[in-house]
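Worksheet: one structure, shown below.
The values are calculated or read from the model by the stated rules, or taken from the named source; none is laboratory data. Please read all numbers here as calculations on a predicted model, not as lab measurements. Ideal geometry is used to build each Cβ from the backbone, glycine not excepted, and the neighbour counts take in all protein chains shown. Remember, those area values only see protein heavy atoms, side chains included, never the ligands or the DNA or RNA. Shrake-Rupley method; radii C 1.70, N 1.55, O 1.52, S 1.80 Å.
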Amino acid sequence: MKIKRGVLRMAIEAAKNMHPNEFIALLSGKKDIIDELIFLPYESSEFSALIHMDMLPLGIRLYGTIHTHPSPSCRPSSEDLALFSKYGKVHIIVCYPYGENDWKCYNRKGEEIEIEVVD
Ligand SMILES: [Zn+2]
């Protein structure tokens, strides 16, 4: 699985704009390359972001999720782990201060994995 640098940048920008609230989006794309962020209506607060999965467009290829932490910890919470196990296989957490390298990628079990960033 790979991710386009532009998608990552877009998510990082959104994270900065939303701070101190969390932001969550879905990762989609084709041929194992994530090249699309899908924004869905969600409830946001400083502590949690809950996505409305019932509003997921039909027919999208769901690779995973991306969300932010307004704290410097990229560690998944227990709510995150529940989300990870349900939707897709790649889950990215971007954490404060939302720099180019302030993110980590996890599999559906919440184990840290490497993902290649491509241009
Ligand atoms: Zn989280």
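Below, the figures for the structure above:
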quantity: Gain on full stretching of the segment that runs from ASP119 to LYS86 - 0.36 nm per residue minus C-alpha separation; calculated: 9.0 nm
quantity: Share of carbon and sulfur in the accessible heavy-atom surface of the chain [1.4 Å probe, %]; calculated: 51
quantity: The chain: relative contact order in percent, alpha carbon pairs under 8 Å with at least 6 residues between; calculated: 27
quantity: Estimated FRET transfer efficiency (GLU112, ILE33; beta-carbon r; R0 22 Å; 0.05); calculated: 0.60
quantity: Per residue, in Å², the accessible surface of the chain once ligands and nucleic acids are set aside, probe 1.4 Å; calculated: 56
quantity: Residue-count net charge about ASP80 - beta-carbon cut-off 13 Å; Lys, Arg +1, Asp, Glu -1; calculated: +1
quantity: Nearest-20 debye value, the chain charge dipole, Cβ charges on Lys, Arg, Asp, Glu; calculated: 360
quantity: Shape call, the chain: gyration tensor on alpha carbons, a/c limit 1.5; calculated: rounded
quantity: Tally of Lys pairs whose C-alpha atoms are under 24 Å apart, taken over the chain, 8 or more apart or cross-chain; calculated: 27
quantity: Distant-in-sequence amide H partners of VAL90 (H built 1.01 Å from N, under 5 Å); calculated: GLY64, THR65
quantity: Inter-label distance, nm, simple model (7 Å from Cα along the C-beta direction), LEU58/LEU40; calculated: 1.6
